[in-house]
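> Before anything else, here's the structure in question.
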Amino acid sequence: MPEVFLNHANAYSRIRVYFMNMPKEGKLMNIIETNKLTKYYGKSPGIIDVSMEVKEKEIFGFIGPNGAGKSTTIRTLMGLIFPTSGKAEIFGKNCMKEGPNIRRDIGYLPSEVFYYERMKVIDLLNYTAGFFKKDCKNRMNELAEIMELDLNRRIEDLSYGNKKKVGIVQGLLHSPKLIILDEPTSGLDPLMQQKFFDIIKKENEKGTTIFFSSHILSEVQELCNRVAIIKDGSIIRTEDIKTLRENNYKKITIRGDKIDQSKFKIKGVTKIVNGKNEFKFFYKGDINKMTNAISSEKLKDVLIEEPTLEEIFMHYYK
Amino acid sequence: MLNIFKYEFKMYQKSILLWMISIVGLLFAMMAFYPSFGNDSEILEKMLKNYPEELLKAFGMSGGIPLSSVLGYFVFTFVLVQLCLAIQAANYGFSILSVEEREFTADYLMSKPVSRVRIINAKFLAALLALTITNIVTWIGSFGCIEIFREGKEYDATKLIILLATILLFQLVFLTVGMAISVVLRRIRSVLTFSISLAFGTYILNSVRAIVGGETLGYLSPFYHFDPAYILKNGNLDISMVLISIVFIIVSVSVTYVFYLKRDIYSL
């Protein structure tokens, strides 16, 4: 058969496969899908029956306290550990069987970053780029500039924060379709955190799906569209970020000699703890009502904080 | 795969250089004494006869070849070279895969679009190239030192070639066994402890075999499979022993692939 016909036939079959894989109109395909994913470390469970769907172009938060199973889930998705049972798919492909193909389009930033200590940053980034069959140079330089990364330093000479920056650049330099972030902000100063969030938001605007694991509620609230909450290895709820925002509890501590507690009997006050000259509670509701109540008392001190995830889980997601 | 291979080989360069210097240095230092040994050969042979047979066997000096001959003396030297080659190969074997987990770089490497099979292949080939270079240098060093110090005495070059030809297979046993052990164990904390233990362990095993007699213990030691005294005395290899080495290699390689492909990579 003449070569021209063969080329046409190949092109036709590629186009056909492309359209077959496209989601139906208005329906976004699942980028990540797990079904009853379970991992035991010996006899102790890491994750149990984790089922979730992350849609295309979504910024999906994966939140839970330390040791809840976030990293285990991510490491299973990345093919670093093998599940005891259940199914894990990325781009519709089995994570265990088609790992290398899947990882071509994934950018991964682990919670702890370790690279070859004796390498220079530029060598590590070039080494990373060598794994992908595309030219990553421009994007690499662009990211390094945004993150203010010195490419000529040795990895061993970098601070943890700078190593984290290397992690960000190496994870994104190939412009992946899915970015998996496992507690990405630890070690980054607030300015760099914001720059990093900006990069992630821009990537998402370009159509990249983001899977964002964290134990810090506020950063999940800032970035994500939807959140799965994991505790003791099981997903206890998957919520829209709006719902999570509505459950925006504040932890309030009031200190004073004579506090009239009756003034704080407002709808939304829970988990009251009385101490010596101290009154602690959680509040969810109209913040103006609360500030009015606080200002009506003669106080020595007042503290309004975001409850820790543990506290939220302990009392609202039992 | 080429990407990993290039990086791995680059990492070996310093180590290859150190081993090359050590081995050639050892050959030179040992062979430099040969002229004085050769001149006083009668006294030396008499002196050695006074030593217990077991002791001579343990040090591989009872192969039936006179120590005063070029190859007889070379055997004595070569056993030490073998020990170095064993440590080098075992070092690479224990290290190539375990280093990624020990230094926590496995997360980085395995999150890239490369299969574990390709990772093993690339690392194995890089180690093999490193050993081949050491091998070539050992050949040159051996012939060179013999030429410098033989003082006109004749020797059978064919026997020497057969002996040197065994190096790569000998090292492959240590490389692959090291790899297999490293993937079966959860973590290798000190590579040097493992490699020295494997090299000296199998060397001592062969020495014990020489003292107590019989072959059973020798089956477990590549030092017996590629016994220099046997090779130089008979001018050929003990094929059944070489086959045992090949079985060791095949089993070790199989274990490496099977275990590594199913291995969980733990984080810090």
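> Among the residues of segment A:63-78, write down those that are at the interface with another protein chain (Cβ under 8 Å from one of its Cβ atoms), under 14 Å from B:Lys112 (Cα atoms) and not in a loop (DSSP other than H, G, I, E, B).
A:Arg75
> Which residue is nearest to the other protein chains (Cβ to nearest Cβ), if the candidates are limited to segment B:109-163 and must be among the basic types (Lys, Arg) and under 30 Å from B:Leu97 (Cβ atoms)?
B:Lys112
> Restricting attention to segment A:61-76, and to residues there that are among the hydrophobic types (A, V, I, L, M, F, W, C) and modelled with pLDDT under 95, which single residue is farthest from the chain's Cα centre (by Cα)?
Narrowing segment A:61-76 to residues among the hydrophobic types (A, V, I, L, M, F, W, C): A:62-63, A:68, A:74.
Those left that are additionally modelled with pLDDT under 95: A:62-63, A:68.
Values: A:Phe62: 5, A:Ile63: 7, A:Ala68: 14 Å.
Checked segment A:61-76; the qualifying residue farthest from the chain's Cα centre (by Cα) is A:Ala68.
> Name every residue in segment B:210-244 that is touching a Leu at 6+ places or on another chain (Cβ under 6 Å) and either touching a residue at least 40 places away in the same chain (Cβ under 8 Å) or among the charged types (D, E, K, R) (or both), in order of residue number.
B:Pro228, B:Ile231, B:Leu232
> Got at least one residue in segment B:67-90 being modelled with pLDDT of 95 or more, out of contact with any Phe, Trp or Tyr (no Cβ under 7 Å at 6 or more places or on another chain) and within 14 Å of chain A (Cβ to nearest Cβ)?
The answer is no, given that none of the residues of segment B:67-90 is modelled with pLDDT of 95 or more, out of contact with any Phe, Trp or Tyr (no Cβ under 7 Å at 6 or more places or on another chain) and within 14 Å of chain A (Cβ to nearest Cβ).
> List the helices (runs of 4 or more DSSP H) inside segment A:79-158, counting only whole elements, that have at least 1 residues being within 12 Å of chain B (Cβ to nearest Cβ).
Result: A:99-103, A:121-129.
> Further question: Can you tell me which of B:Glu54, B:Glu100 is part of a helix (DSSP H, G or I), within 14 Å of chain A (Cβ to nearest Cβ) and either surrounded by fewer than 21 Cβ atoms within 10 Å (Cβ to Cβ) or modelled with pLDDT under 95 (or both)?
Values: B:Glu54 fails: within 14 Å of chain A (Cβ to nearest Cβ).
So the residue among B:Glu54, B:Glu100 that is part of a helix (DSSP H, G or I), within 14 Å of chain A (Cβ to nearest Cβ) and either surrounded by fewer than 21 Cβ atoms within 10 Å (Cβ to Cβ) or modelled with pLDDT under 95 (or both) is B:Glu100.
> For segment B:18-35, give me each residue that is within 23 Å of the chain's Cα centre (by Cα) and surrounded by 13 or more Cβ atoms within 10 Å (Cβ to Cβ).
B:Trp19, B:Met20, B:Ser22, B:Ile23, B:Val24, B:Leu26, B:Leu27, B:Phe28, B:Met30, B:Met31
> Being of a type in the set (S, T, N, Q) and under 19 Å from A:Lys120 (Cβ atoms) is the filter here, so list the residues in segment A:131-154 that pass it.
A:Asn141, A:Asn152
Let's see how each residue does on (1) within 22 Å of B:Pro66 (Cβ to Cβ); (2) modelled with pLDDT under 95; (3) of a type in the set (Val, Ile, Thr):
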site: B:Ile136; (1), (2), (3): no, no, yes
site: B:Cys145; (1), (2), (3): yes, yes, no
site: B:Gly152; (1), (2), (3): yes, yes, no
site: B:Tyr155; (1), (2), (3): yes, yes, no
site: B:Leu160; (1), (2), (3): yes, yes, no
site: B:Leu175; (1), (2), (3): no, no, no
site: B:Val191; (1), (2), (3): no, yes, yes
site: B:Val208; (1), (2), (3): no, yes, yes
site: B:Gly213; (1), (2), (3): no, yes, no
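> Looking only at helices (runs of 4 or more DSSP H) that lie completely in segment B:162-258, which have at least 3 residues being more than 21 Å from B:Thr134 (Cβ to Cβ) and of a type in the set (D, E, K, R)?
none
> Taking segment B:259-268, which residues are part of a helix (DSSP H, G or I) and facing chain A (nearest Cβ under 8 Å)?
B:Lys262
> Can I ask one more? Would you pick out the residues in segment B:222-252 that are surrounded by fewer than 17 Cβ atoms within 10 Å (Cβ to Cβ) and touching a Lys or Arg at 6+ places or on another chain (Cβ under 6 Å)?
If the condition is that a residue be surrounded by fewer than 17 Cβ atoms within 10 Å (Cβ to Cβ) and touching a Lys or Arg at 6+ places or on another chain (Cβ under 6 Å), then B:Gly235 is the only one that fits.
> Sticking with this one: Could you check, for segment A:196-212, whether at least one of its residues is modelled with pLDDT under 90, surrounded by 15 or more Cβ atoms within 10 Å (Cβ to Cβ) and either within 30 Å of A:Lys39 (Cα to Cα) or aromatic (Phe, Trp, Tyr) (or both)?
So far as segment A:196-212 goes, no, none of its residues is modelled with pLDDT under 90, surrounded by 15 or more Cβ atoms within 10 Å (Cβ to Cβ) and either within 30 Å of A:Lys39 (Cα to Cα) or aromatic (Phe, Trp, Tyr) (or both).
> Here are some conditions: (1) of a type outside the set (Gly, Ala, Ser); (2) loosely packed, with under 14 Cβ neighbours inside 10 Å; (3) under 25 Å from A:Thr238 (Cβ atoms). A:Leu191 meets all but one. Which one does it not meet?
With (1) of a type outside the set (Gly, Ala, Ser); (2) loosely packed, with under 14 Cβ neighbours inside 10 Å; (3) under 25 Å from A:Thr238 (Cβ atoms) applied to A:Leu191, the lone miss is (3).
Rundown of residues vs (1) more than 20 Å from B:Val114 (Cβ to Cβ); (2) touching a strand residue (DSSP E or B) at 6+ places or on another chain (Cβ under 6 Å); (3) buried (at least 22 other Cβ atoms within 10 Å of the Cβ); (4) aromatic (Phe, Trp, Tyr), yes/no style:
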{"position": "A:Cys95", "(1), (2), (3), (4)": "no, yes, yes, no"}
{"position": "A:Asn126", "(1), (2), (3), (4)": "no, no, no, no"}
{"position": "A:Lys133", "(1), (2), (3), (4)": "no, no, no, no"}
{"position": "A:Ile146", "(1), (2), (3), (4)": "yes, no, no, no"}
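> In addition: Just the residues that are away from every other protein chain (no Cβ under 14 Å) and either within 22 Å of A:Lys206 (Cα to Cα) or surrounded by 20 or more Cβ atoms within 10 Å (Cβ to Cβ) (or both), please, taken from segment A:159-185.
A:Asn162, A:Lys165, A:Thr185
The values are calculated or read from the model by the stated rules, or taken from the named source; none is laboratory data. Small disclaimer: the values here were computed from a predicted structure and weren't measured. Because the Cβ atoms are built from the backbone with ideal geometry, glycine has one as well, and the counts that use them run over all protein chains shown.
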